[in-house]
Amino acid sequence: MFADAGTYGNPVNGFPMWRERTISVLTNAVRISPVAYKQSTTYGNTALNVSTVLDPGVYPARAPLYWDLGLNQSSRQHSQEMADFNYFAHTSLDGGSPFVRIAQYYTRSGTLGENIAAGTHGSEVQAMIQWLCDAPQGSSPCCVDGQNCDGHRASIMSNGFHAMGSGYGFSASSTYDHYWTQDFGGLAAPPAPPLVDGTHLLIGNSSTRFIANFYATAPAQAVKVVIDGVQNSMAVDLGDATRGTWFVLTTRGTACRSYYFLATTSAGLTWRYPAAGAFRTRGEGQAACTEEYLP
């Protein structure tokens, strides 16, 4: 039996774009399974895989963050403004506080937070490493858990946040080209389905990795990604079948492909993400697919 997911996961007027959704998926992957995430050769690196980063005694696993349109709008506006006007700061170009800006878009809670990153060669995985390490890209060592320098990590793992929107901005004429923002909020709008989110990652030059987060009180019977109408079974990548990140690795497509995710709970209820339509494999193919979503 299929669950009624309403419109959950369906982009709203282009929010979120693929890169933004990917940051959300990776953020939830690390929240659900912080130790496994930092030890992964896919998502972490040798700098993260040390006892002083994401130690469970300081940063235990947390429930996922659910996407919020207002937070997505706030974070994208700031990312694109930083790119367009070539600056890097939480403060807006007009000198305004980030919390004032966020509150203009998000009114569910006064509990707010923000992370920003830049550069990373346009890689969402590298942006996450930059935040989790809490040190400039390529520098070592990472900030130690619980110190004054680990603010980005603390925001990502905070138990006070339940909603997030990530924003991406680009300008080839700016210093860093790529700009990223994560805006956090204290309350998320219902629903909170067990199939939290999913995306695709372009790995190397020949593979595409599909990943999805599942979070429930009992193991999933199955998690699948349907690519161009063909169901592909996914395996647990991080965490476990109850609370974890699932994946399947495929050969890189030669053109745009359509995909969506299915997760069947222990009770036999199947959830779909997105609720309707299909995402597109932006970046695939010799001509580089530019499509994001088909309703």
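The values are calculated or read from the model by the stated rules, or taken from the named source; none is laboratory data. Only a predicted model underlies this, so the values are computations on that prediction, with no experimental measurement involved. Every residue, glycine as well, gets a Cβ built from its backbone with ideal geometry; the counts of neighbours run over all protein chains shown. For accessibility, only protein heavy atoms count, side chains too; no ligands or nucleic acids. Shrake-Rupley method; radii C 1.70, N 1.55, O 1.52, S 1.80 Å.
In segment 38-84, of all residues being outside any helix (DSSP H, G or I) and touching a Gly at 6+ places or on another chain (Cβ under 6 Å), the one that is nearest to Met164 (Cα to Cα) corresponds to Asp68. The set of residues in segment 60-86 being more than 18 Å from the chain's Cα centre (by Cα) and surrounded by 23 or more Cβ atoms within 10 Å (Cβ to Cβ) consists of Met82, Ala83.
A quick yes/no check of all residues on (1) surrounded by fewer than 17 Cβ atoms within 10 Å (Cβ to Cβ); (2) in a strand (DSSP E or B); (3) touching a His at 6+ places or on another chain (Cβ under 7 Å):
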| site | (1), (2), (3) |
| --- | --- |
| Val225 | no, yes, no |
| Val236 | no, yes, no |
| Trp246 | no, yes, no |
| Leu249 | yes, yes, no |
| Ser266 | yes, no, no |
| Trp271 | no, yes, no |
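Taking the criterion of being within 17 Å of His78 (Cβ to Cβ) and among the hydroxyl-bearing types (Ser, Thr, Tyr), the residues of segment 104-121 that qualify are Tyr105, Tyr106, Thr120. All of Gly169, Gly198 fail the test of being at pLDDT 95 or above and touching a helix residue (DSSP H, G or I) at 6+ places or on another chain (Cβ under 6 Å), apart from Gly169.
Between Cys149, Cys133, the distinction of being open to solvent by 40 Å² or more (accessible area, probe 1.4 Å) and over 25 Å from Val100 (Cβ atoms) belongs to Cys149 only. Under the condition of being farther than 22 Å from Ala278 by Cα, of a type in the set (A, V, I, L, M, F, W, C), without any contact (Cβ under 8 Å) to a residue 24 or more places away in the chain and out of contact with any strand residue (DSSP E or B) (no Cβ under 8 Å at 6 or more places or on another chain), the residues counted in segment 213-244 number 0.
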